[in-house]
Every structure is written in structure tokens, then in C-alpha cells.
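The values are calculated or read from the model by the stated rules, or taken from the named source; none is laboratory data. Please read these numbers as outputs of a predicted model, since none were measured by experiment. Neighbour counts are summed over all protein chains in view; Cβ atoms, including those assigned to glycine, are modelled from backbone coordinates with ideal geometry.
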């Protein structure tokens, strides 16, 4: 029993990383109909930025603001810095290509992805970097036979809070309605007086920013970061996005959490080496039987 | 024209001469680079079939490449089968593999297809690493693969490999160019440009999508074979997502559906990183940046395909008409006309009959228990306010939607639930409310879509240019020219459809529908967007058609002048229900119809 | 028409580049083929650094052939067989005297074929697959690193013989190296299994690049092993140890020679890294030879760290072996160098000890020892 519970908890933790990254994919897809292949690399960039802040002059930030303060500083720094990179990316690489259709956009996104990955390598070097143990809290909370580390609890709470806020903003506020309207029909939204430019700016800030934050959390949780890690997480989160239903924010969250669980239980009860094969098989099966993802809405093609 | 032709031939000759001479004044390193250029050109061309010609979003193409390479490696190392024999076998296996894995997912569109192909690519790579049945050698891969040889002549040096791959490439290019300019290549392009319009023109979507995957995979399999025999080792780290992305970039850099473009793209992808070897650590950084820049400044690719149809012996319009007539109007159909005069069953009088047709979307009932009858040789109109379910009726009849209940009979045959291309090939052609042309194709090519299902040449005959295929092509082009003429678009044959003004686009769509010599023509608001004069012309045109060919027409129209002017029978619908039908003047005065349009008078 | 010129331009580029490779005669050029970009870029970077440090050491000692300059020509193979073939062909066309490289057996394979065909000596530094030397007769291929089987055998004998472990768990990461060692360890274990003195309770792979291994570790915990051998690399090893200990796996952890280094300690955290064992050739940190000390000193000076994996040091050794051969042969004539590498290596001291090769080209006399991580994060020979 406790094993299953532990697996569940681990699945949810890794799932919340996926969910946070998937949100960025989904939001960007909503406004631009673009699979942003560079998104995983923004996540990696976030974890490198957080790392840099935390080790900066021998952990000065953590010493000044305490353990949790240092963490908060790293998270916020990555949030804003990666958000700005996201906006820059949209301006430089996507906006000028957008009018030419979707396929050139995809190539542009692949280009940005290659560029970012190699930029990280050029700046921080190809070596693996490790978040120092001294900047991360390491308590374990035990309730009888049930254990949870403070970092795990922190990640779960923070990502759920973030998702709730986002859910509220997108589903319940006027601004959220404007975002959803833009996602549904950009031209119509423009005609109704929605500032699509502003929405796009917001999305390209928030999506990458959340990914960057997830990068820092990931670095703190596992401590080890590398410049190639973006691709793996990017692919998984993208899978999660499609699994839930692309362009739909609650669906991205659900897809992320679900994928985390599928991976955990797949590795535990089927085979560790084959688990990604099963993950992709499940994805393909779902798409065959529910082509719009689990809770994506069916959009009938206008004939 | 002729001068240009000569000059491009001269340049082609120079390029070939340079390629031939190249290995003799270069070193092995650049010869090997040129070899891989050739392999990537093959791969680029193979993906170009899927992504470029057919517009299928394939980001897992390395899987097919891997299958070819591993089949070669396994069969050569285990059973000693010579590499050269394995070329067709690798192609076959990769093709079969593609057929098996893509047939359940071929209906997916755009990004969903993209993620599934990524998934397939990853599954294949992971499976290779996990060494199923001890066949793939796990992460180490398979070593000790032999070299290709033709009798005593072994391909074992860099120079020989260079010629080997480029000769194969030349053959492949020749085949692909022919395929591109055939019924098959056009069918793929129609799918890329507008799937629904293609389907309604009689193209079997599923079949041609699968065909493009299978052919693309087979070609990638050939590339895999060549790759394996050159390196003498295959290992999973060659067939990564990165490799698939690179192939994707090759096609996009060159230009969708452009054969020289794909080759140029392959050249850039292989040569670019080599030139930048000097800055080792940063070369991929530059590469990523260059991809973005290329898409900003040349989004259509560096060498996009120029569309032009080679017209064999252009005849004068009259001559063409002479020639086309007997073909365009099918002889067999005269029997139907004759029987009109005699004793006939109701199905012979009514070309289309629907029986209690019902269509729902979720909870919304769009059409309810509709009985519709279209008289043979007559013009029948459906009128009704917006949202009455008129277009839905068309979509059900033409097979785009499957009805919830009820039947559709065409010429007495139950065609309920038939796929659109099947419906089209039975003799129903249609136009759309919002014009659906193939915007990136020329007018002639647009019209030739309607002829697709009346042609029969396939891959082999197209590549071999058999006599029957040449004749068929000639017939198709001339028929298309005839209809172009007939609809008043003469002289626009090589113009891209998207460059036409609105009114001409409507005519082009009509020409496309007519070119298939339909028995029933379904027109969805043919006069919308036309001015009075144009509407008038259209009416005359339609009435003339009825006299000239054995044709029945079903149309949706809001323009009452047109409806009342040419219809033999009018059906009025409101809220999915037929509220009245009869001769035009009866309907014109029918109180329920007036009520539906104007609201109930208090 | 414009586009046709574009095509010509590409061809022109070929011609230009081909012509540009005119060799300069003066310095002796030695090629280094390594993954400078791609997934294993950090290995490539360290190999390059190590070779440069070794070069500095050689020059400090007066150089070779009366102080002729040595130039290292780096070729990136991006850890991919295609790039490897091109990198090899490029080094061949640049007429280097001999080549050091490369990292990864499946990447080394096509390159070794090209060097063989071009009659160029190639000393591998990070390609340990047995079949690289045993499946095919290669006259020009050598390697300074050990082979998978030596390490695998060492582990099995040590675990059953010295540690008296009965329940043995082996884990790898499906990379060529880790799988090779794991397979060889399993093979060597077979006789103990047959004799019934040991049991292989766990044999499975993780996916490199992943970060959460709790499911497989939970499975491992169920099997209750006496010793747990992981043959993969340190980024995963660090995570495995930490996550495993947190899950309550208490048995000794033994890493292969790529699993444990400074970064491993950082990732696992010292509290968990302490007491971890590793199967390892004598390490430079452990070797008391002046060469090893000087190497580490210089490396630290230049890069403020030491190599985090064993392979770069073998790249340095490969350079030492090559310069030794050139010096002894008196020229860069390949056949003469070959003769020295085959028979005249007596007295050639590398950073990891004396260097000599078997007739197949494998390093002679590679021995393994068991090392342990101390409470300070250092690695010392393990005394049970």
C-alpha cells in the first residue's frame, strides 16, 4: 500500500513538472497554433538561471535571505528572466514568420531550440551542473509509514497553486475570456476589440516563465542539470499537452499529471527500459480513439 | 521559352559535369561530405513526398530510415545476403512498416499526426536500443556490414560510394519528377492544398495519404541501406528525433514539394556544419540561428517549385472541342435519356432521392426526416433562411457527414454513408459555399482534379511513362483546357488559383466540378458574390449545360431571381424540416415559406 | 535561373574548401576526434583539455624529435556515427600523423574503419566494447582504456569473492559502455550462479537523461540485494544513490568507473555518497607517480577542476603513447610508429601507469581496484 502511495506521490511530482511545461505549450499553441519546440530549452534555461543565482558569489543570496528566501529569489528570477526571453523569442523568431504559415514556424521553432540548447552549452559549458545541497531544504516529513520530503511538498503545493491561479484567471476573468477568445478565433477577437498583440505578449511571457520556474524546481529537486535536458522534458510535456487536449489549459494540467503517473507506474510495473515505448503507445491509442485528447473539445471543420 | 530551356539545359549539363569531375580534384573528406549530401538528398526527397507533396506533418521520418538500415544490417550479417539485393528489400520492408504503423493513424490531422509520428520515431529508436529478440544489437548496434558489389566490381572506396549514391539519386530524381507530374503527384498536391475539396473531387484521401507514406518510407529505406553499407555499422544514435527534425528542415529549407529544393536543402544541412567546423563549439549555435533567419527571409524555401504544366501539342480551342466532346459526354448515358421517354421507374426519373434523412450534431437536430427528390435532367433548388440545414443536406448527400438515420439513393442505388470520393466517382460533383480551390496549384491542375477518378495510371505507369499514361495525361490536359475555355477562363491555364479574382475563382470551381462529367451537379450558393450581370450569365450557362449534357442540378440559392428563373422544382426548408415544395411560382406564393423568411404576421 | 546559380555556388564551395586543405609541413599534427557538441559534449571538452595538458607536459620535458612543435587538430564527431565518419575522413585529409579518438564504441567503429583503410594509427580513449578489437582484425587501432570484460569480471569476482555477496543486483543505462560492462559482469557471474553461491536478483536498465528513478528503485528494493552495481554514468548514478537511499535501500552501492567522481558526490550529496564503492583502474588521484601529480596540478591550474570521468585521462595517455612512438621511430612514418607501438613501448610511462599494447591493440596490464568515497568526498582504495 505504502509503495503505491509513494509511487503516486512521485508520479504527481514529476507530473507537476510536466504540467507546468505543458501549460506553456498549450497557451502558445492556443494563440499561435504553433508547437513551440523551443519550450523545453526555455525550461532548461530556467534551471540554469536559477542555478547561477543560487551559486552566485558562494551562495550569497541564500545567506542573505535564508534558505526559503533564496529559493524564492531563484524562482522569481527565473520566472521573469525566462519570461523576457520568451517575449524576445516571439518578437525575433516567430512574429516575422507567422504570416508565412505554420510549417515555416515549426522550422523556426526548431531553429530556436537548437540555438538555445547550444547557447546554454556555450555559456555554462557542456558539463553537468549540480545545485549545491546547501541551498535546498532537505527535511523529511513522516506521518507514520508515509514519508514526503519538504521539497516534494513544496513543489506539489506551489505548482498546484500556480495552476489554480492560472485556471481562475483564464476561466473566470474577463482577461481570461479574451485569451480564450483569441485562441478560438484571432480575427474575430480583433474585430471585437481585443488587443491580440497584448494577449500574445502576455502568453509568450507567462508560458516560458512558468517553464523557467519549473526548471528551477526541477533543479532543486533532482539537483543535477544539463544543457540537453530540455529536449527530454519538452517532448514529454508536449506529449502531455496532446494527451490532455491541446489549446485547453485545464487539459494541459490533467495531461501532465496523468503522464507523470503513467510513467511512474509503467516503470514500476511493466519495465523501466520499455516504459517510454508504452507512454508513446498510450498516446497513439488515445489519439486514435479520441483524436482531440482526453478533454479537448471537438471542433467540427466548417465545410 | 526555347532559349530559356536551352540555357537551363546548359546549366544542368555544367552541374553534371562538375559533379562528375568533382572527386578528381578533391580529397576524400569532401568526397565523403558529398556522399552524405547524396544520402541526405535521398532522405530529403523521401520526406518531401510525405511532407512536401502531400502536406503530412511527419516528424518521425528517421524511423523508416532506421528500418531500412537495420533490415540491411541484420539480413546481411546474419544470412550474408548481398547488399545490392537488399536495396529493394529494405525499401519493401520500410514501406510495409510504414503501411502498418500509419494506417491506423492516417486520419489524424496536422499537429496530431505530428506528435504521433514523433512517437513512432521514438518507439522505433527505443526498441532498437532495447534489443528485441537479440536482433538489433542494442545500443552498440550491428557491426560488420558488407559493402555493395556488382559482380566483381565492389563499391568500397569513397569515390565509388560517391558515384554509387549519386547515380541512385539520379535515377530516383528521374522517377520522382515523373511521379510529380502525374495523376499521383497531383492527387498528393490536392490533398495538401485542401483535403475536403480533394475528397469531393473523387480522390481517395486515405489511399493516397498511405501511398505517400509508403513510397516515402520505401525511399528512406533505400537511403538506410546505402548508409549502412557505407558506415558498415548501424546504431540507434543515428536515428534520433534530431535526425527527423533535420530532414524536416531539409524539405522546408528547399521549399515544399520542390525536388531541386530538397536537394539544395540537403546540401545546406550537410555542408553548412562542415564549413563551420572551424568554430567547433558554436557551429550548432550558428546553425540554429541560420534556420530562423532562413524562415524569416525565405519562408517558402530557397528553391520553391515552379508550377507549370507541359502542354503536349497545344491545339486550337475548336479542335480541342472536337476531340473532347465524345469523351466528356459519356456514351453510356444516352440510354438513360432514351428511357426517359418510355416507361420508367421512379428512380430513373429521379436521379437523387433521400428517405427520411436525419442529421444531428450533439443535441442539435440540423436536418429532420427530410424526403428530397431531384428530378432527372432538371434543376432543383433548395431555399430557406440561414441555419435551415441546407448545406448539411449537401454534406450528407456527398458523404462528408454520415446521417444519423435515413437513406440516400442515387440512381436507385443506396449510397448512404459512402465516402465522399466514392460518391464523387459515382457521378456527383459539387461546389462549396466558401470557395474551396487548390490555391497553390494552377487553374489547369485545379480542373484536372475532377478528372482524377476517371484516370487510371498508377505509380509504375507514371514512372515508366507508358504509352497509355502519356495518352491519358494528354486527354486530361485537353479536357481541362476545354472546360477552362467553356467557363470563360481561357488563357488563365497556368495562373495559380489563388491569384484569380473572386468571380473567376467561382467559375474555376464550377469548371472543376463539371470536368468530372457528373450526372448530378450540386451547387452551394453559386451566385453569392456575383453581380447581376454575372448571375445572369451563370443562369444561361447552367441552362445551356442542361441542354448539352445529361445533367441534373441541385442548388442552394438565396437569389430568388435565379431560383425562380431556372428551377424546375423548389424545396423550401426551415429549421431542418421541409416546409414546402413545388414549382417555383407555387413556392413563391406559399404562405409558410413567406413566414419562414419574414416571420409570422400577427 | 538564379537558383541554378545557387547550386553552382554550392559546388563552388566544395571546390574552394577542398583546395583550402593544403598541409603545412612544420609542426607534427596529431588529430583528436572527440564529441565537442551533442549529448556527450562534456566528455569531448575534457578530452580536449586533457590532451592539451598532456601536450604541455611533453613540451616541458623537452618535446620530441628534438623539440619539434606538436599541433593538436580537433575534429568534432558529435557522438554520432555519420559525423564520426566525416571527422575521421577530415583528419585523414588533413594528413595528421596519427589520431586520438574517439569516445563511444559505436561512434568509434566507422571511424576506425576509415583510419584502417587510410593506414592511419588511431588510439581510442573512451571506446571499451570488446568487439572493437576482437570482432575484426584492425592493424592500426589501439586503445589506452580498458575493455568492458575486464571491469565486469573484476566486479563479479570481487562481489562474490571478497564482499561475500549472495544476492547481486546489476543496473545499466543502455548506453554502449554501461551495457557492455553489465553484460560482461553477468557473464562472469555465471559460474557462481551455476555453483549456487550467488544469485542475480536484479538486472535491468534505466533511461539516461531521466531524473526520477523511484519506480525501478522500488523494484530493486523488493529484491533485497546484498550489493548493487550500476555501470552507467555519474549524472544518473548520483540521482540513483540519493533516491535509492531515500527509499531505504541500504546495501553497498558499487559504481562502474564512469559513475563516481566529484559531480557524483555533488548530485548524490555527501551524506549518501560516502561509502559508495567503484570499480576503477588506478586513478590519477591515487597514483603516486610524479606524472600523475603533475597532470592533475596542471589541469587544476588551467581549468580549476579535475576531469570528472576516467576517459579524458586515457586521451592524455594516448597522446603520450603517440609522441613516444614518434620519438622512438624518429619520424612520423606510420609503419615505423606501428612497430614501436607493437614492440617498443617498454619504459613508456603514461598518467595511468605504464602503457603497452597487446597484439590486438588492447591496453596491456589494465588492473582494476575497488575504490571508496570518503567522508570528505575523496576516493581512496577500499580496504574492507
Residue, farthest from the other protein chains (Cβ to nearest Cβ), within the range A:208-224, restricted to residues that are modelled with pLDDT of 90 or more and over 18 Å from residue A:15 (Cβ atoms): A:209
Lone unmet requirement of (1) modelled with pLDDT of 85 or more; (2) surrounded by fewer than 24 Cβ atoms within 10 Å (Cβ to Cβ) for residue A:260: (2)
Among the residues that make up the range C:75-82, is at least one of them assigned to a strand (DSSP E or B) and either surrounded by fewer than 24 Cβ atoms within 10 Å (Cβ to Cβ) or at the interface with another protein chain (Cβ under 8 Å from one of its Cβ atoms) (or both)? yes
Provide a single number: the residues in the range A:49-70 that are under 17 Å from residue A:215 (Cβ atoms), within 14 Å of another protein chain (Cβ to nearest Cβ) and surrounded by fewer than 24 Cβ atoms within 10 Å (Cβ to Cβ). 1
Residue C:95: surrounded by fewer than 24 Cβ atoms within 10 Å (Cβ to Cβ), without any contact (Cβ under 8 Å) to a residue 40 or more places away in the chain and either in contact with a strand residue (DSSP E or B) (Cβ under 6 Å, 6 or more places away or on another chain) or not assigned by TED's automatic domain parsing to the domain that holds residue C:198 (or both), yes or no? no
Residue list for the range C:211-239, filter: within 7 Å of chain A (Cβ to nearest Cβ) and out of contact with any strand residue (DSSP E or B) (no Cβ under 8 Å at 6 or more places or on another chain): C:212, C:214, C:215, C:218
Return the only residue of B:47, B:108 being touching a helix residue (DSSP H, G or I) at 6+ places or on another chain (Cβ under 9 Å), in a helix (DSSP H, G or I) and in the same structural domain as residue B:215 (by TED's automatic domain parsing). B:47
So which of B:68, B:119 ends up being buried (at least 21 other Cβ atoms within 10 Å of the Cβ), more than 13 Å from chain A (Cβ to nearest Cβ) and either part of a helix (DSSP H, G or I) or at pLDDT 95 or above (or both)? B:68
Restricting to the range B:231-290, give me the number of residues that are outside any helix (DSSP H, G or I) and more than 9 Å from every other protein chain (Cβ to nearest Cβ). 4
Look through C:89, C:39 and report the one residue that is out of contact with any strand residue (DSSP E or B) (no Cβ under 8 Å at 6 or more places or on another chain), within 14 Å of chain A (Cβ to nearest Cβ) and either over 20 Å from residue C:314 (Cα atoms) or modelled with pLDDT under 85 (or both). C:39
If you go through the range B:4-27 one residue at a time, do you hit one that is in a loop (DSSP other than H, G, I, E, B), crowded, with 22+ Cβ neighbours inside 10 Å and within 14 Å of another protein chain (Cβ to nearest Cβ)? yes
How many residues of the range B:155-177 are over 25 Å from the mean Cα position of the chain (by Cα) and either buried (at least 17 other Cβ atoms within 10 Å of the Cβ) or within 22 Å of residue C:88 (Cα to Cα) (or both)? The answer is 13
Can we say residue B:304 is outside any helix (DSSP H, G or I), modelled with pLDDT of 85 or more and at the interface with chain A (Cβ under 8 Å from one of its Cβ atoms)? no
For the range C:116-151, give me each residue that is within 19 Å of the chain's Cα centre (by Cα) and part of a helix (DSSP H, G or I). C:131, C:132, C:133, C:134, C:148, C:149, C:150, C:151
Whichever residue in the range B:400-419 is in contact (Cβ under 8 Å) with a residue 60 or more places away in the chain and closer than 20 Å to residue B:350 by Cα and, among such residues, is farthest from the other protein chains (Cβ to nearest Cβ): B:412
Output the residue which, of all residues in the range A:228-257 that are at the interface with another protein chain (Cβ under 8 Å from one of its Cβ atoms) and buried (at least 24 other Cβ atoms within 10 Å of the Cβ), is modelled with the lowest pLDDT. A:246
Can we say residue B:83 is in the same structural domain as residue B:245 (by TED's automatic domain parsing), more than 29 Å from residue B:261 (Cα to Cα) and at pLDDT 90 or above? yes
Can you tell me how many residues within the range A:85-111 are over 19 Å from residue B:111 (Cα atoms), within 8 Å of chain B (Cβ to nearest Cβ) and crowded, with 23+ Cβ neighbours inside 10 Å? 1
Residue identified as assigned to a strand (DSSP E or B) and more than 15 Å from residue A:273 (Cα to Cα) among C:229, C:203: C:229
Residue identified as away from chain B (no Cβ under 14 Å) and in contact (Cβ under 8 Å) with a residue 24 or more places away in the chain among A:34, A:23, A:45: A:23
Name the one entry in B:531, B:434 that is modelled with pLDDT under 90, under 30 Å from residue B:560 (Cα atoms) and out of contact with any helix residue (DSSP H, G or I) (no Cβ under 9 Å at 6 or more places or on another chain). B:434
Condition (residue is more than 14 Å from chain A (Cβ to nearest Cβ) and either outside any helix (DSSP H, G or I) or modelled with pLDDT of 90 or more (or both)) applied to the range B:128-139: is it met by at least one residue? yes
Positions within the range B:563-586 being touching a helix residue (DSSP H, G or I) at 6+ places or on another chain (Cβ under 6 Å) and in a helix (DSSP H, G or I), in sequence order: B:564, B:565, B:566, B:584
Which one is surrounded by the most Cβ atoms within 10 Å (Cβ to Cβ), of the residues in the range A:157-179 that are in contact with a helix residue (DSSP H, G or I) (Cβ under 8 Å, 6 or more places away or on another chain) and over 21 Å from residue A:21 (Cβ atoms)? A:178
